[in-house]
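Each value in this text was obtained by applying a stated rule to the coordinates, not by laboratory testing. All of these numbers come straight from a predicted model, not from anything done at the bench. Here the Cβ positions follow ideal geometry from the backbone for every residue, glycine too, while neighbour counts run over all protein chains shown.
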Amino acid sequence: MSDWPSLIVFIGLCAAAASAGAFFRPGEWYVRLRKPSWNPPNWVFAPVWSMLYVMIAVAGWLVWRKEGLGAAMLVYAAQLVLNFLWSVLFFGRKRPDLALMDVITLWLSIVICILVFAPISGWAVLLMLPYLAWVTFAGALNLAILRLNSRRAG
């Protein structure tokens, strides 16, 4: 039971990453963007991300319990920062191009996180796989939105 307070810390870290979505909301700019036919309805994003953030928190916590601070936690922290930055870039700065670069880097950091977590906790890996899948989808969506809304020369 003494490990439970540290789980709260990991949930707090993920909530901090998620807070970008609260500060940088889609707004009218996003509503006006052309989106692909496979774009989910807006209401889907909040419950999916909420579930993913809990899973990300538990994954980090499982690894921290076995390894403490170290390389795995550095990679974990990096992916949380990149996660936070996506909303800043896409919704805050209205720069889907920069957000796409961020989501590609985020995707790579999640893969590295999974690889680093693998020898430490199989459960942590399993908890990170849906996150990787969703970020893969989010990256494809980001690219589609960028393409549909880029200005064509001439």
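The residue list W123, W86, W43 contains one member that is more than 30 Å from E28 (Cα to Cα) and not small (G, A, S), which is W123. Just one of the listed residues (A71, A77) is among the small types (G, A, S), surrounded by 16 or more Cβ atoms within 10 Å (Cβ to Cβ) and farther than 19 Å from P130 by Cβ, namely A77. When you scan segment 96-111, do you find a residue that is under 25 Å from W4 (Cα atoms), surrounded by 13 or more Cβ atoms within 10 Å (Cβ to Cβ), among the β-branched types (V, I, T) and more than 15 Å from the chain's Cα centre (by Cα), even just one? Checked against the condition, which is being under 25 Å from W4 (Cα atoms), surrounded by 13 or more Cβ atoms within 10 Å (Cβ to Cβ), among the β-branched types (V, I, T) and more than 15 Å from the chain's Cα centre (by Cα), segment 96-111 yields no hits at all. Inside segment 112-127, residues that are surrounded by 20 or more Cβ atoms within 10 Å (Cβ to Cβ) and among the aromatic types (F, W, Y) make up a count of 1.
Is it the case, given these coordinates, that F84 is out of contact with any Cys (no Cβ under 9 Å at 6 or more places or on another chain), in a helix (DSSP H, G or I) and under 17 Å from M128 (Cα atoms)? Spelling it out, F84 is indeed out of contact with any Cys (no Cβ under 9 Å at 6 or more places or on another chain), in a helix (DSSP H, G or I) and under 17 Å from M128 (Cα atoms). Report yes if V135 is closer than 19 Å to A17 by Cα and out of contact with any helix residue (DSSP H, G or I) (no Cβ under 7 Å at 6 or more places or on another chain), otherwise no. When the stated conditions are applied, V135 does not pass them. Of all the listed residues (F137, F117), the sole one being farther than 16 Å from L52 by Cα, aromatic (F, W, Y) and out of contact with any Ser or Thr (no Cβ under 9 Å at 6 or more places or on another chain) is F117.
With respect to the conditions (1) over 22 Å from R25 (Cβ atoms); (2) touching an Asp or Glu at 6+ places or on another chain (Cβ under 7 Å); (3) of a type outside the set (D, E); (4) part of a helix (DSSP H, G or I), R147 falls short on a single one, namely (2). Scanning segment 35-53 for any residue that is loosely packed, with under 14 Cβ neighbours inside 10 Å and farther than 19 Å from F137 by Cβ turns up nothing. How about segment 19-48: which of its residues are in a helix (DSSP H, G or I) and without any contact (Cβ under 8 Å) to a residue 60 or more places away in the chain? Residues satisfying the conditions are A22, E28, V31, R32, N42, W43, V44, F45, A46, P47. A Cβ distance below 6 Å, combined with a sequence gap of six or more or placement on separate chains, defines the contacts here; from segment 57-82, residues that are more than 15 Å from I114 (Cβ to Cβ) reach residues that are part of a helix (DSSP H, G or I) in the pairs A57/F10; A57/I11; A57/C14; W61/L7; W61/F10.
Residues of segment 127-150 that are under 17 Å from the mean Cα position of the chain (by Cα) and free of Cβ contacts under 8 Å to residues at least 12 places away in the same chain: A133, F137, A140.
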